[in-house]
1. I need the full set of residues from the range 197-223 which are touching a Gly at 6+ places or on another chain (Cβ under 9 Å), within 16 Å of the ligand (Cβ to nearest atom) and over 17 Å from Gly144 (Cβ atoms), in order please.
2. Kindly indicate the residue of the range 115-145 that is within 16 Å of the ligand (Cβ to nearest atom) and within 21 Å of Thr72 (Cα to Cα) and also surrounded by the fewest Cβ atoms within 10 Å (Cβ to Cβ) among those meeting that condition.
3. Could you list all residues from the range 32-67 that are of a type in the set (A, V, I, L, M, F, W, C), assigned to a helix (DSSP H, G or I) and crowded, with 17+ Cβ neighbours inside 10 Å?
4. Are any residues in the range 174-196 of a type in the set (A, V, I, L, M, F, W, C) and more than 15 Å from the ligand (Cβ to nearest atom), and if so, which ones?
5. Only residues that are under 17 Å from Ala258 (Cα atoms) and at pLDDT below 95: list them for the range 2-53, please.
6. Based on what the data block shows, is Glu71 over 19 Å from the mean Cα position of the chain (by Cα) and either surrounded by fewer than 14 Cβ atoms within 10 Å (Cβ to Cβ) or of a type in the set (D, E, K, R) (or both)?
7. Just a yes or no: is a residue in the range 74-94 at pLDDT 95 or above, closer than 30 Å to Val143 by Cα and crowded, with 21+ Cβ neighbours inside 10 Å?
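The values are calculated or read from the model by the stated rules, or taken from the named source; none is laboratory data. Please read all numbers here as calculations on a predicted model, not as lab measurements. FYI the Cβ positions are ideal-geometry reconstructions off the backbone, even for glycines, and counts take in every protein chain you see.
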Amino acid sequence: MNAQDLIDTVQMLLAADKGLLAMDESNPTCNKRFAKLGIPQTEEARRAYRELIVTTPRLGECISGVILYDETNRQQKKDGTSFVKVITDAGIIPGIKVDTGAKDMAGHPKEKITEGLDGLRVRLKEYFQMGARFAKWRAVITVGDGIPSQGCIEANAQALSSYAALCQEIGLVPVVEPEVLMDGDHTLERCSKVTHEVLHTVFNQLYTQRVTLEAMILKPNMVVPGLACPKQQAVDEIADATVRCLLQVVPAAVGGIAFLSGGQSCTLASERLNAMNLRFKSRLPWGLAFSFARAIQQPAMDIWLGKENNVSAAQQALYHRARCNQAARRGEYNAAMERP
Ligand code: 13P
C-alpha cells in the first residue's frame, strides 16, 4: 500500500464542504424500501433508480464519493455506459460496500455480527480494478435490556479492523462504520455511553491491527435518544453530546468523520450536522461530514415511485438534500433553504 495515495483519497473525499452519498442498500433492503412505495422489486427497477441517482445534474458539486452495492457496481445506464464511468466523469469517487450483512450472533440473542471477511482480499482487489477507491463495512450495535454485550462489541470491532487493514493493503480507504442503532426507547445518555464504549473498543482494535488512522474515515452514528424515547433533546444538545463523545474517543490522527443518518428525518440530520459545525468546527481535529443514505435519498424515492415521468423532479429533490448537507458542513444550513 502507498499510505500517501490513501491519505490523498481521504482528503478528496472530505474536501471543502462535500460529503458522501451512500447508495449501497443491499437488494433485500432496497426491495423493502421499494415495497413500501409500491415500486416493483426487480433488478431493472433497482437499476433505473440507481441511474436516476448517478445522473442527477450537478451532483458532483456537493458529493465527493458514492458508496455502491455489488449489483450497482456492475450495472450500466440504459445507453450502456457503466455507472462507475458515469460517477467518475461527474468528478465523484466510486466506493463499494464490502460486508455481506449483519447476521444473528451465536450465543448473543438480539445481537448481530457483520460477516464478509472470507475471501475479502480477493474481492477487494477486484473492486479496486473496477475503479473503487474506498470501501465500507457496517457493524450494527443494538441497545436494549442488557445489551450490547462486551462479546458483541469486541467481535464487531475485530471484524471492522480486519476489514480496514485489508482495505489499506489493497489501496482502498476504509470507511469504518460502527452503528449504534436508534431503535428503542433508550435515552441520549445511554446512547452516549454505548457509543463511547463501542468507539473506544473499535479504536483499540484498529491500533492493534495496525490500521493507519490518517488513511481511514470513521462513519459513526450521532449521539441521539432512541426513536421511542419520550425525551427528545434539542438540536444543540445533540450536537454537544455527539462532539463531546467523539472528542473523548476518536484519535486526532483520524482522516475524517462522516456521519450516517440512521433513520433521522432529513431535516433533523441536516440541522444536527449544521449545529456541530457551527458550534465546534474551528476547534476540532477532524472534519465533520456526512455519508447519508436515507437522509439524502428518501424524498427522491418518494417522488420517483418507479415512474420515468418523475425522474427529473426526483433528481431535483436529491440535489436539494445534498446541497442542504453541504451547507450544514459549513454551518450555513437554515430553515429558509427548505422553502420552495
Ligand atoms: P443511513 O444514512 O440511511 O443510515 O445509511 C447510511 C449507511 O450507509 C448505512 O450503512
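1. Met216, Ile217, Leu218, Met222
2. Glu115
3. Phe34, Ala48, Leu52, Ile53, Val54, Leu59
4. Leu188, Val194
5. Passing the criteria: Ala15, Ala16.
6. no
7. Scanning the range 74-94, I find no residue that is at pLDDT 95 or above, closer than 30 Å to Val143 by Cα and crowded, with 21+ Cβ neighbours inside 10 Å, so the answer is no.
Okay, residues lined up against (1) out of contact with any Asp or Glu (no Cβ under 6 Å at 6 or more places or on another chain); (2) over 27 Å from Leu52 (Cβ atoms); (3) without any contact (Cβ under 8 Å) to a residue 40 or more places away in the chain:
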residue	(1), (2), (3)
Ser291	yes, no, no
Trp304	yes, no, no
Ser312	yes, no, yes
Ala317	yes, no, yes
Gln326	no, no, no
Arg339	yes, no, yes
